[in-house]
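In what follows, a single structure is set out as structure tokens and then discussed.
The values are calculated or read from the model by the stated rules, or taken from the named source; none is laboratory data. Everything numeric here is computed off the predicted structure, so don't read it as measured data. Cβ: placed from backbone, ideal geometry, glycine included. Neighbour counts: every protein chain shown. Ligands, DNA and RNA are stripped out before the accessible areas are found, and what is left, the full protein with its side chains, is counted by its heavy atoms. Shrake-Rupley method; radii C 1.70, N 1.55, O 1.52, S 1.80 Å.
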Amino acid sequence: MRWRSFVAVGDSFTEGLDDRYPVGGGYRGWADLVAATLAAGAGPEFRYANLAIRGRLFGNVVDEQVPPALAMRPDLISFAAGGNDVLRRNFEPGVLIERFDQVVGELRASGADVLLFRFADLSGRLPGQRIVGPRAAVLNRAVGETAQRHGAMLVDLFADDVFRHPALWSEDRLHLSEAGHRRVAARVLAALGLPPDERWLVVPPQSAPAPWLAARGADLRWAGQHLAPWIKRRLTGRSSGDTITAKRPELAPFTEL
């Protein structure tokens with residue numbers, strides 16, 4: 001197989017929230033699924049690292065994860081960052097996009113193949129979409145242009161309308177569910193020219209819309225359990241990843257956590 005080492009860089013999307021391993025309680029996610037597939041094809045010499053940490057802003061990902069990723073000199077690097085920045089009040093798209101292009105150029109100059117992502121459409125799932133939606137569109141457009149400019153592989157989740165299905169998202173409405181991570185893994189493998197597990201593309205039938213009163217009750221529960229803690233962290237300058245370290249910080253043979 002072409003890739004004998006893979007390093008995943010990013011935030012909660014790449015760390016694997018909210019797809020837990022059935023034993024041990026750690027997060028699996030699409031990157032671990034892809035690594036398992038690559039390991040099966042490459043044999044015992046395959047190595048994998050996942051440096052992603054939830055809550056990380058773009059600058060943190062670049063400063064903390066990109067240098068060690070480059071030092072590992074892998075054959076394949078996935079780079080997904082900027083989603084948390086889009087949700088912040090002080091988001092500066094021009095600055096982020098310029099640095100994004102520079103970083104991808106550095107990753108490609110190392111000789112590695114690079115995977116980039118256009119993020120799935122979250123409109124209708126989160127509040128504030130009149131602000132967040134245009135920001136995400138700007139970032140997605142820049143990712144596509146950067147991939148083309150530097151010869152990176154693009155995984156276009158935004159173009160996949162199946163990601164509008166509620167079953168692909170966890171109860172916090174922001175992170176992928178087990179089914180969501182499997183669909184991302186299938187899309188990544190397709191970008192790599194490898195056949196995915198067809199079961200990862202199966203989506204359950206969509207249930208009928210909940211009655212208005214039940215839907216509003218669900219919105220209130222979601223706001224109390226997920227939105228309010230997120231706002232509190234923003235106000236206090238904290239992050240969900242403050243006490244978290246990378247789950248796979250070194251290049252090593254792939255094993256389930």
Self-check item: Pairs, first farther than 13 Å from V104 by Cβ in segment 133-154, second surrounded by fewer than 14 Cβ atoms within 10 Å (Cβ to Cβ), C-beta under 9 Å, six or more apart
Solution: G133/S123; A136/S123
Quiz item: Residue check: is R199 at pLDDT 75 or above, part of a loop (DSSP other than H, G, I, E, B) and either open to solvent by 40 Å² or more (accessible area, probe 1.4 Å) or within 25 Å of G144 (Cβ to Cβ) (or both)?
Solution: no
Quiz item: Tell me, which residue of segment 116-132 that is open to solvent by 40 Å² or more (accessible area, probe 1.4 Å) and modelled with pLDDT of 85 or more is nearest to F163 (Cα to Cα)?
Solution: F119
Self-check item: Residue in segment 5-19 that is free of Cβ contacts under 8 Å to residues at least 60 places away in the same chain and either touching a Cys at 6+ places or on another chain (Cβ under 9 Å) or of a type outside the set (V, I, T) (or both) present
Solution: no
Quiz item: Of the residues in segment 169-179, how many are touching a residue at least 40 places away in the same chain (Cβ under 8 Å) and outside any loop (DSSP other than H, G, I, E, B)?
Solution: 3
Practice problem: Considering only segment 1-30, state which residues are surrounded by fewer than 18 Cβ atoms within 10 Å (Cβ to Cβ) and not hydrophobic (A, V, I, L, M, F, W, C). | Solution: R2, R4, R20, Y21, P22, G24, G25, G26
Quiz item: Is it fair to say R89 is in a loop (DSSP other than H, G, I, E, B) and either at pLDDT 95 or above or open to solvent by 20 Å² or more (accessible area, probe 1.4 Å) (or both)?
Solution: yes
Practice problem: Looking only at segment 66-76, decide whether some residue is on the phi < 0 side of the Ramachandran plot, more than 18 Å from the chain's Cα centre (by Cα) and open to solvent by less than 20 Å² (accessible area, probe 1.4 Å). | Solution: yes
Practice problem: Would you mind finding the one in G59, G41, G24 that is assigned to a helix (DSSP H, G or I) and either modelled with pLDDT under 95 or among the acidic types (D, E) (or both)? | Solution: G41
Quiz item: From the residues in segment 133-176 that are of a type in the set (G, A, S) and surrounded by fewer than 19 Cβ atoms within 10 Å (Cβ to Cβ), which one is modelled with the lowest pLDDT?
Solution: G133
Quiz item: Given the conditions (1) under 26 Å from L194 (Cβ atoms); (2) open to solvent by 60 Å² or more (accessible area, probe 1.4 Å); (3) charged (D, E, K, R), and given that D113 satisfies all but one, which numbered condition is not satisfied?
Solution: (2)
